[in-house]
1. Kindly indicate the residue of segment 271-303 that is open to solvent by 10 Å² or more (accessible area, probe 1.4 Å) and among the acidic types (Asp, Glu) and also nearest to the chain's Cα centre (by Cα) among those meeting that condition.
2. Are any of the residues in segment 69-76 modelled with pLDDT of 95 or more and touching a helix residue (DSSP H, G or I) at 6+ places or on another chain (Cβ under 8 Å)?
3. For Lys409, work out the one condition from (1) within 22 Å of Lys208 (Cβ to Cβ); (2) crowded, with 16+ Cβ neighbours inside 10 Å it doesn't fulfil.
4. Could you check Ile177 against (1) at pLDDT 95 or above; (2) open to solvent by 20 Å² or more (accessible area, probe 1.4 Å) and say which number it fails?
5. Among the residues of segment 241-289, write down those that are charged (D, E, K, R) and within 19 Å of Arg107 (Cβ to Cβ).
6. Within segment 243-261, identify whether any single residue is of a type outside the set (Lys, Arg), within 22 Å of the chain's Cα centre (by Cα) and within 19 Å of Gly9 (Cα to Cα), and answer yes or no.
7. Determine which single condition Pro23 fails, assuming it passes every other condition in (1) surrounded by fewer than 19 Cβ atoms within 10 Å (Cβ to Cβ); (2) without any contact (Cβ under 8 Å) to a residue 40 or more places away in the chain.
8. Among the listed residues Gly173, Gly220, Gly216, Gly195, which satisfies the condition of being on the phi > 0 side of the Ramachandran plot and assigned to a strand (DSSP E or B)?
Amino acid sequence: MNILVLGSGAREHSFVHALAKSPTVHKIFACPGNVGMSDTTICKRIPSRSNTELVSYCKDKIDLAVVGSSKFVEEGTVDALVLAGIPVIGPAEDAGRIETSKAFASRFMARHNIPSPATSIIVNLFEAEQALFKNPDLRVVKCDGFSRGSGVSVCSSLEETQSEIKKILEGHGAPVILQEKLEGIECSYTLLTDGHQWISFSSCRDYKRILENDQGATTGGMGAVSPSPDLTPELEKQIIDTIVQPVVDGMKEDNLLYKGFLSIQLMLTKDGPKVLEFNARLGDPETQSILTRFRGDLAGILKDCAMGCLTNVGSEVAFGKHSSVSVVIARENYPEDESTEPVVAGTENIQDSVIFYSSCRKAENRDGYYFKSGRLISVTAVAETLEEARKLCYDDINRLELKGVRYRKDIGLKK
């Protein structure tokens with residue numbers, strides 16, 4: 001089959017890498033893709049197009065479309081492809097609101113009794129004052145939609161909370177979501193669902209803070225390990241019973257068309273797992289860690305899902321007992337300043353890892369690449385144990401020629 005992968009980041013590069021191993025895949029089209037995908041010989045990059053142009057291009061060429069970037073959900077690309085009769089891994093725009101609108105997600109969880117932080121949705125400063133008076137523990141302030149790193153604040157005082165509410169109302173507009181600050185360990189649990197059946201696509205511990213020991217600013221993600229070392233079989237069963245199954249049933253009950261990956265961001269608290277937010281897709285760099293472990297026919301499972309005939313057979317078997325570690329190399333001053341021009345070279349020296357590239361092009365006058373984003377590459381290694389995977393990954397990072405970059409040194413380190 002011919003497959004379209006939508007997006008240009010390391011996540012989409014990871015999809016291309018994994019799908020190329022499926023025996024049924026003839027050609028992969030990446031829109032717009034990145035130059036790092038050139039190492040996959042069956043992958044062809046195509047430029048970004050309007051929904052109408054993309055549907056026209058794909059109509060007689062594509063057997064399955066896989067959505068990486070959430071912008072294709074928000075911009076209605078999934079809906080346009082589905083209406084044209086092209087099977088898609090990715091939710092329709094209405095179901096995609098579970099990620100694109102935090103207010104929608106909060107109401108969905110309340111309606112279906114899914115464990116989550118205490119939440120108040122406000123539209124002005126007066127409502128904010130009332131909410132804080134009723135619940136002084138509301139210390140997390142979020143804008144409703146995508147924020148590109150500037151729309152979530154974890155506050156330490158009432159005064160700081162009030163200041164952040166005002167800032168987000170002015171910068172992003174209403175509504176603003178106020179939540180209690182949860183204590184515990186973060187992890188993510190990923191499933192693939194056709195709207196009726198679902199299968200597990202394993203778990204991750206992801207590292208959002210820029211500095212070691214989870215300090216500093218919140219980022220899009222500085223690394224991930226899979227499976228999450230914090231998830232016992234008993235805890236996984238609790239997550240399935242109280243969160244995963246109610247989410248799938250809730251989507252069905254609300255008539256939301258959902259065919260694709262759903263990554264559930266969790267806080268493992270002393271009172272049990274609670275949902276922080278949803279990604280209506282595989283996350284980044286969680287995708288890199290999860291798919292490098294996958295050993296089954298990814299294209300076949302995704303096609304079954306898109307056609308609404310997913311079964312519960314074979315998903316966990318395909319992962320086996322292996323662990324993976326993925327470390328993100330970012331610009332030197334990321335996420336505050338993305339203007340520094342980094343150097344990433346020496347990739348030919350890598351021995352045991354796979355490199356997944358973010359949006360980039362080859363440098364004309366030197367070795368390496370020019371990058372468009374703050375996060376540059378993900379270096380990912382797989383081994384029988386987490387400790388071994390971590391060693392392989394960091395040994396390969398030390399073989400790279402890096403300038404003007406930063407990365408965390410503690411990804412996968414036991415706490």
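1. Once the filter is applied, the top-ranked residue is Asp284.
2. Narrowing segment 69-76 to residues modelled with pLDDT of 95 or more: none.
Taking every residue of segment 69-76 in turn, none turns out to be modelled with pLDDT of 95 or more and touching a helix residue (DSSP H, G or I) at 6+ places or on another chain (Cβ under 8 Å).
3. The one condition Lys409 does not meet is (2).
4. Just one mismatch for Ile177, condition (2).
5. Listed by number, the residues that qualify are Asp249, Lys252, Glu253, Asp254, Lys274, Glu277.
6. Checking segment 243-261: at least one residue is of a type outside the set (Lys, Arg), within 22 Å of the chain's Cα centre (by Cα) and within 19 Å of Gly9 (Cα to Cα).
7. The single condition Pro23 does not satisfy is (2).
8. Step by step, each of Gly173, Gly220, Gly216, Gly195 is checked, and only Gly216 is on the phi > 0 side of the Ramachandran plot and assigned to a strand (DSSP E or B).
The values are calculated or read from the model by the stated rules, or taken from the named source; none is laboratory data. Remember, predicted model here, so these are calculated numbers, not experimental data. Ideal geometry is used to build each Cβ from the backbone, glycine not excepted, and the neighbour counts take in all protein chains shown. Each accessible area value is taken on the protein alone, full model and side chains, heavy atoms only, with ligands, DNA and RNA left out. Shrake-Rupley method; radii C 1.70, N 1.55, O 1.52, S 1.80 Å.
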